[in-house]
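Before any comments, here is the structure.
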Amino acid sequence: MNRNLIYIMVALITLASCNKDFLSLTPDSEPNADDFYETAEQFQQAVNGVYETLRTTVNESGYLMGEMRSDNTHYDYYPPDRGIHIIRRENIDDFLDDSQNQWTNDYFNNCYAGIARANTILDRIEQATFDQAAKDPIIGEAKFLRAYYYFNLVRYFGGVPLYLKEVLKEADAFLPRATVDEVYNTIISDAQDAIAKLPAPAFPQNGRANKGSASTLLAEVYMTRKDFASAEPLLRSVSTMGYSLLPNYADVFLPSNKNSRESIFEIQFMMGDQGQQSMFTYWFIPKSTNVELITGVTSNTLNYGGWNVPTDDMMNSYESGDSRKDASVGIAEGVVGGDGNFIIQAVKSSEGYTLPAGKVAKPFVKKYLHTHSRERNTDDNWPVYRYSDALLMLAECLNENGNAGEALEYINQVRKRAGASLQPVTASGKEELATAIDHERRIELAYENHRWHDLVRTGKAIEIMNAHGVAMKQQYNVIARNAYTVNENRLIFPIPYLEMQLNNQLTQNPGYN
């Protein structure tokens, strides 16, 4: 049973033991569940709470599971710090994680926290008395978000318990795992209803889910299920909704371009004192006692930097002249002091970089690194779906559906923006074009938490990651001998240990204990 549901049960038990007259003495000045869910404005505030949970999934664990689990990124091994919270992050990258890994477990719990909030809205809005026209977009947003949370849960953990109602009694809180098909059927139903109820995108956008967001989500769901025929018309519809590529790749990620015409859905952050700031770029900066040359802010990243480091394989995958390399990756150049600390002396462009003699160079993701004034308090949003992603998904569907010629049009739209010197793709065979699309997705969407899902979806994860593991163990002698033993069991993560202890109806995924 998810820990969020435990808190609800405890509250219910406590309330049930109280006198009815006492329960009615809620201060008029304090909001409470009995009188909060009444107006459209109150329900919209509740939907904001469902969005809020998204921040935690990307600020802390998302890159570990979506990027570091893949061949895109690794970690900077730091011998002085062997704390369990460090080792467990490394274990995700090395395929040595278990059911007590706090980072994958937190992701699981945060998804269910968002689902619980969405369920409360969907159950209570039925009794609300305001107009259906005002209810529909609220329902659409809640169902989109519930579908998105479940989509991530089923991809990362397999069949999971399906909580589709507000938890009001003990029996509601302890559910067995649903099958993968049952979870996907729920996701599809929610996404279809979201498409029907959400408005079309309007520009400038406000950051909320719309018909384009839900259509792209459902298309990716169908593609994950190998139903390319159902995905194609959804993506064609998205291509008619007014989205477009920004002229320059690096500009897509500028805080000043949040929710731009290229954005289909992104997770909203805002720097300041509201508790809504992003900080993921600080995870990606090299470990050093002073990273001011990188951030412009005096800060020490020994305790939290050095993650999501682009691998040599990733760096070598960029073609010469591809503007996405320099826009996405920077090079911290310096020396290692006698105490083992990396001293940053310069920050260089990754395009055409050559390591000088006597220096150490560490690549880092800079896609989300923009001007800010306070340590770990940045203004960058996290992209979930971009128009370039939709174009490449459409190209993949067209290729799978026997229309390779039209697929080339969409993949080359993306490549054209990436650099004038990049040659257009001219592949004619289905497999050759599929390889080109895979490559383009890897480069275009690097460090946006797509790579692991793409590897699993295309059936290439086991082959690619085992080969990658061989190369990584040759490069780094600190990686355990039994790391990167990738098989079918390791394509999903374990059900959290605590959930197994609380709910005896749950079963563990094969290969984990």
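The values are calculated or read from the model by the stated rules, or taken from the named source; none is laboratory data. Keep in mind it's a predicted model, so treat the numbers as computed, not measured. With ideal geometry, Cβ positions are generated from the backbone for all residues, glycine too; neighbour counts draw on all protein chains shown.
Looking at the range 160-181, is at least one residue crowded, with 21+ Cβ neighbours inside 10 Å and assigned to a helix (DSSP H, G or I)?
no
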Within the range 169-211, of all residues that are small (Gly, Ala, Ser) and touching a residue at least 40 places away in the same chain (Cβ under 8 Å), the one nearest to Ile267 (Cα to Cα) is Gly207
Practice problem: Evaluate the following for Asp106: is it in contact (Cβ under 8 Å) with a residue 24 or more places away in the chain, in contact with a Phe, Trp or Tyr (Cβ under 8 Å, 6 or more places away or on another chain) and surrounded by fewer than 23 Cβ atoms within 10 Å (Cβ to Cβ)? | Solution: no
Those residues of the range 224-237 that are closer than 19 Å to Glu262 by Cα and either surrounded by 24 or more Cβ atoms within 10 Å (Cβ to Cβ) or assigned by TED's automatic domain parsing to the domain that holds Val154 (or both) come to a total of 2
For Leu394, the lone unmet condition from (1) assigned to a loop (DSSP other than H, G, I, E, B); (2) within 13 Å of Ile437 (Cβ to Cβ); (3) aliphatic (A, V, I, L, M) is (1)
Taking the range 186-223 and keeping only residues that are part of a helix (DSSP H, G or I), surrounded by fewer than 20 Cβ atoms within 10 Å (Cβ to Cβ) and aliphatic (A, V, I, L, M), one is left with Ile188, Ala196
By residue number, the members of the range 343-368 that are among the small types (Gly, Ala, Ser) and either exposed (fewer than 12 other Cβ atoms within 10 Å of the Cβ) or closer than 25 Å to Asn248 by Cα (or both) are Ser349, Ser350, Gly352, Ala357, Gly358
Subset of the range 115-161, residues within 19 Å of the chain's Cα centre (by Cα) and polar (S, T, N, Q), comes to Asn152
Met241 vs (1) surrounded by 24 or more Cβ atoms within 10 Å (Cβ to Cβ); (2) in contact with a Gly (Cβ under 9 Å, 6 or more places away or on another chain): all pass except (1)
Answer with yes or no whether Ile294 is in contact with a Pro (Cβ under 9 Å, 6 or more places away or on another chain), touching a residue at least 24 places away in the same chain (Cβ under 8 Å) and over 25 Å from Asn449 (Cα atoms).
no
Just one listed residue, out of Lys416, Lys325, is part of a helix (DSSP H, G or I) and surrounded by fewer than 17 Cβ atoms within 10 Å (Cβ to Cβ), and it is Lys416
*asked:* With the structure loaded, tell me whether Glu126 is surrounded by fewer than 24 Cβ atoms within 10 Å (Cβ to Cβ) and part of a helix (DSSP H, G or I) or whether it fails that test.
replied: yes
